[in-house]
Structures are given as structure tokens and as C-alpha cells.
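Chemist: Please see the structure below; I have some questions.
The values are calculated or read from the model by the stated rules, or taken from the named source; none is laboratory data. All values derive from a computational prediction rather than experimental measurement. Don't worry about glycine lacking a Cβ; one is built from the backbone with ideal geometry, like all the others, and counts go over all protein chains shown. Heavy atoms of the whole protein, side chains included, go into the accessibility calculation; ligands, DNA and RNA do not. Shrake-Rupley method; radii C 1.70, N 1.55, O 1.52, S 1.80 Å.
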Amino acid sequence: DSNDITTVANYTKNKYAKPNEVYFGRGKGKNIIKIHLESFQSFLIDYKLHGEEVTPFLNSLADENNKNFTYFDNFFHQTEQGKTADAELIMDNSLFGLPQGAAFVTKGNNTFQSLPAILDQRRGYTSAVFHGDDRTFWNREEIYKEMGIEHFFDSSYYHMSDDQVINYGLKDKPFFEESMPMLKSLKEPFYAHMITLTHHHPFLIDDEDATIDPAETGDGSVDRYFQTARYMDEALEQFFNELKEAGLYEDSIIMIYGDHYGISDNHNQAMKEIIGEEITPLKNAELQRVPFMIRVPGVEGEAINHEYSGQMDVMPTLLHIMGIDAQDYIQFGTDLLSEEHKDFVSFRNGDFMTEKYSHINGVFYDHETKKEITDITKKMEETKKKVYHELELSDNVLYGDLLRFYSPNDDWEPVDATEYDYGKRNN
Ligand code: GP9
Ligand code: MN
């Protein structure tokens, strides 16, 4: 019975990939700073517009000579309609979002065994989310409590004056600047999640913030996409400098990730001009790459890791870096740094991608020829089944609120949402 948590646990425990000894436990006690790059797709990395790099700072982190950060260049978002909320859910729970709507909203009162709660219980971490929008958006205020997030600095903690706000909320530069004192005030070690906002559809930007000319496809969203990406890149560089000045850079684990696409397939015509090729179903799937970058102080990683991977894999990876065995928990991803990492990436709609081929809309495509594969192997059929199976298991966890019936280990304490209160500064 797949509605049973034991069935789910058997599946995830079996999928588990054992830790990479080089990384296991190396992050214990270090602060973790996780930076969310709104709507950022990997094609921006090293992309040149009008002969200029669009995101020179991120490019420098992704650079093949920069071993300070490991850049995963075959990392994919796995979100659906829940967009940012799905990315947050996936990254901190290693569960899929739901096929429709946002689990953050519809399952916001479920029981979770999320990364912030685990880090608190197992390693004494304080957790905090920073975001310049209202706490009610995506039902964050409610679900964050279920996830055991201790502090939530929403827009009420920032100066939301007209000149500092655009589109959905606070601009990224004042966001990082005003976050610094709050970040510094956290009890260490902390797990801090910084959620940017300016690089969001329809990519609005004030003249004084635009430091690169728009693209010239005639599709406004696509054209401005590069300008808000540049602005975010500058905001990020500024944040890194502030972290260094505050002494919070050197010994911190820093993770950077893109949440989902910014340019939907309604813009394929303009994207064809940008990329210089037709946006076929396979190309569209390839464009779902988002960056994932990580630095673990004291470990010299690879500059670039080509493993096919996704957002689901981040939580088990981080647990292992903290010296916590991921196998205890219900997780659909596997440690990105493990030699046993499972290199098929499931998308929410049942499509999936591997290094050599993809399965999109019922068709298998060969990555080398870009053509449809007609002789489908047993392995391909099996992987297809596995993808549907794990989506179903994950859905059962959320629909049935099954984590209520699961105890990861003897000393696990269920999170009590009533213990959290996020307060307000500007009330
Ligand atoms: C809103 C922001 C945007 O607070 O996180 O969410 P999205 O529209 O990208 O899902
Ligand atoms: Mn988003």
C-alpha cells in the first residue's frame, strides 16, 4: 500500500546514496548562508549581451579555475505551479511539490521534518529566512513554523519606501544591506536563507539601477531579463563584500541556487534569438537548468561538477556535510557529492533527464543527436516507471500528511508550530 509511510521509507532508504568521505561532517558548526536567485536560469552564466557579460560576479564564482565554489552546471529546478514556494519546499524537505497549486498553501499545516528543524535538533542551529515581501505571500508565515524556522524577517523588518521598492517588493541591494545587521544578530551557528526578489517577471527596473542595455528582441520581458539579472549580480557582489567585512564569509558554507525559470515557453520566439537556436521540447527542457553553487570552507572542491542533479538533492547533501546521515529521513533526492548519487532528474510533470537522454512529453530524446530515440531500452522504461512511482509516493506523503506517522530516529521531536512567532519591527 503506497499510502503507507513504511512503503515510502523503504523506497527512499533504498534510493539513498552514501556520503562522500571528503565532505562528510566537514561543515559541522559552521554558519550556512543559502542565497536564492529569483528566476535565474543557467543560460545566463557566461552569456554575453552587446559583447558584455551579463552576470560577471556569478560568472567568476562559476569559473573553471575557481575551486572556492563548486558550480553544478547540470542542475535543474523541479518546480511546478508553486514556483518559489515549490523551490523552497523541495530544497528544505527533499519532497516534490504537488502537481497542482502550491503545497506551501494547501499543505501549510502538515507535519514536516525539514532541514531547519533537523539542524536545530541535531546540531543546535538557529534558522532564519530573509525576504522583502509580506509574510502572507505563499503562506510562508504558516508553513515556516511547521518547518521549524525560528526567525522570519519579512517586509515588516525592512524600509519599504517607494525608492527602495519595485515589482513584488524590496529591491535586492537594500535587501542585502538591511539584512546584514539582522544576520549579524543571529545566534551562531545559523542557517540563513536570503530570498531575492528584483529579478522577477516582468523584470521591472528603475533607470538608475540599469547598468546594461536591454536585449533587442522586442519582447519586453525577455529584453529586461538581462537588466534585472545584472542588478541581482551586483547586489550579490555587494552582499559578499559585506559578509567579508563582517567576518562572516571565510568560515561559512555558502550555497547559491536558482529557483525556477524566468522565461516561460510563451517567449520561445524571442528566446530563439537569444540562444540562436529553435526552442524545441528538448531545448526547453535543457533551459530548465538553474545554477547551484556551494562552498564548504576547508574543502577544496571541484570548480565545476557536471553531475545531472536537481533541487531535491540539496538537503541530503547538506545533511552529510553536517555529518548527519540522510538515510534516517524521508528524502527523494540523493547526496550530490556522493559517488552513488542517482543521476536521473525527475520533473514534476513526469518528464525526466539523464546525462545521455531525456524523456519529455512521452518522447525519449538522445542528447547527442537531439533526435527521438526509437529503440527504447529496458533501463529507460524502468527509469520512466521509477519517476512516476516516486512522484506518486511523494504526493502520498503530502496528501496523507504521512510524516505524522514517521519518526526518523529515537530522539526526534515533532515540531510544534505554536512555539514560533515572527514578530514585526514596523508595527
Ligand atoms: C514572492 C516571491 C515570488 O514573495 O518569492 O514568488 P514566485 O512568483 O517567483 O513564485
Ligand atoms: Mn520565484
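Chemist: Report the Cα centroid-to-centroid distance between the stretch 87-122 and the stretch 357-407 in angstrom, as an integer.
Modeler: If you average the Cα positions of each part, the centres end up 21 Å apart.
Chemist: Given just the C-alpha atoms of the stretch 331-374, how large is their convex hull per residue in cubic angstrom? It would help to have the intermediate numbers written out before the result.
Modeler: Values: hull volume 3.7 nm³, N = 44.
Dividing the Cα hull volume of the stretch 331-374 by its residue count gives 83 Å³.
Chemist: Find how many whole Å separate the alpha carbon centroid of the stretch 208-237 from the alpha carbon centroid of the stretch 130-165.
Modeler: 25
Chemist: Let me ask another. Give the carbon-plus-sulfur fraction of the accessible surface of the chain in %, rounded to a whole number; probe 1.4 Å, heavy atoms of protein chains only.
Modeler: Of the solvent-accessible surface of the chain, carbon and sulfur hold 43 percent.
Chemist: Any idea what Rg and Dmax come out to for the stretch 240-326 if you just take the C-alpha atoms, in Å?
Modeler: Radius of gyration, then largest Cα-Cα span, for the stretch 240-326: 17.3, 47 Å.
Chemist: Over the chain, give the accessible area per residue in Å² for a 1.4 Å probe, as an integer.
Modeler: Values: 17100 Å² over 427 residues.
On a per-residue basis, the chain sits at 40 Å².
Chemist: Follow-up question, since we're still on this one. Who wins for biggest fluctuation among S114, S407, S221 in a Gaussian network model of the chain, springs between alpha carbons below 10 Å?
Modeler: S407
Chemist: Taking 1 over the mean of 1/r across every pair of different Cα atoms in the stretch 325-427, what Kirkwood radius in Å do you get? If you can, show how the numbers build up before the last one.
Modeler: On the way: mean 1/r = 0.0585 Å⁻¹.
Taking every pair of different Cα atoms in the stretch 325-427, averaging 1/r and inverting gives 17.1 Å.
Chemist: If I take every Cα pair under 8 Å that is 6 or more residues apart in the stretch 55-136, average their sequence separation and divide by the length, what percent do I get for the relative contact order?
Modeler: So the answer I get is 17 percent.
Chemist: Please give the residues of the stretch 56-84, grouped as numeric ranges, whose backbone N is less than 15 Å from a label point set 7 Å along the Cα-to-Cβ vector of T106.
Modeler: Residues 80-83 qualify, since their backbone N sits under 15 Å from the label point.
Chemist: Could you work out the relative contact order of the stretch 80-233, using alpha carbon pairs under 8 angstrom and six or more residues apart, expressed as a whole percent?
Modeler: Relative contact order for the stretch 80-233 comes out at 19 percent.
Chemist: Next up: I'd like to know which of H306, H320, S394 lies farthest towards the positive end of the charge dipole of the stretch 300-397, counting +1 on Cβ of Lys and Arg and -1 on Cβ of Asp and Glu.
Modeler: S394
Chemist: Starting from the 7 Å offset along Cα-to-Cβ, what nm value, one decimal, do you get for the label separation of N10 and E216?
Modeler: With each label placed 7 Å out from Cα toward Cβ, I get 6.3 nm.
Chemist: Which whole-number percent of Cα pairs in the stretch 95-217 have a distance greater than 17 Å?
Modeler: Values: 4769 of 7503 pairs.
Of all Cα-Cα pairs in the stretch 95-217, 64 percent lie more than 17 Å apart.
Chemist: Only Cα pairs under 8 Å and at least 6 apart count here; give the relative contact order of the chain as a rounded whole percent. All intermediate terms of the calculation are to be shown ahead of the outcome.
Modeler: On the way: 867 pairs, mean separation 128.5, N = 427.
Relative contact order, the chain: 30 percent.
Chemist: Can you give the local net charge around A303? Use residues other than it whose beta-carbon is closer than 13 angstrom to its beta-carbon, Lys and Arg +1, Asp and Glu -1. Display every interim value, and only then the final one.
Modeler: Working: positive: K67, R295; negative: D63, E64, D73, E300, E302.
Combined, the nearby Lys, Arg, Asp and Glu give -3.
Chemist: Please turn the phi angles of the stretch 25-40 into ³J(HN,Hα) values with the Karplus equation 6.51 cos²θ - 1.76 cosθ + 1.60 (θ = phi - 60°), one per residue in order, whole Hz, x for glycine and proline.
Modeler: Ordered by residue, 3J(HN,Hα) equals x, 6, x, 3, x, 7, 5, 10, 10, 10, 10, 8, 9, 4, 6, 8 Hz.
Chemist: Normalised radius of gyration for the stretch 43-117, please: alpha carbon Rg relative to 2.2 N^0.38 Å, two decimal places.
Modeler: Details: Rg = 16.8 Å, N = 75, 2.2 N^0.38 = 11.3 Å.
Compactness ratio reported: 1.48.
Chemist: Checking the table K283/K385; K28/K244; K34/K67; K48/K83; K18/K171 against a 29 Å threshold on Cα-Cα, which pairs fail?
Modeler: On the way: K283/K385 23 Å; K28/K244 20 Å; K34/K67 18 Å; K48/K83 27 Å; K18/K171 41 Å.
Correct reply: K18/K171.
Chemist: Same structure again: Which length gain, in nm to one decimal place, applies between T369 and Y388 when the Cα-Cα distance is subtracted from 0.36 nm times their residue separation? Show your work: numbers first, answer last.
Modeler: On the way: separation 19, 0.36 × 19 = 6.84 nm, distance 2.60 nm.
In short, 4.2 nm is gained.
Chemist: Under the √(5λ) rule applied to the eigenvalues of the Cα gyration tensor, what semi-axes describe the equivalent ellipsoid of the chain? Give them in Å, descending.
Modeler: Working: eigenvalues 175, 165, 85 Å².
That gives 30, 29, 21 Å for the three semi-axes.
Chemist: How large is the Rg to Rh ratio of the stretch 133-178 when both quantities use alpha carbon positions and Rh follows Kirkwood? All intermediate terms of the calculation are to be shown ahead of the outcome.
Modeler: Working: Rg = 11.6 Å, Rh = 11.4 Å.
In the stretch 133-178, Rg relative to Rh is 1.01.
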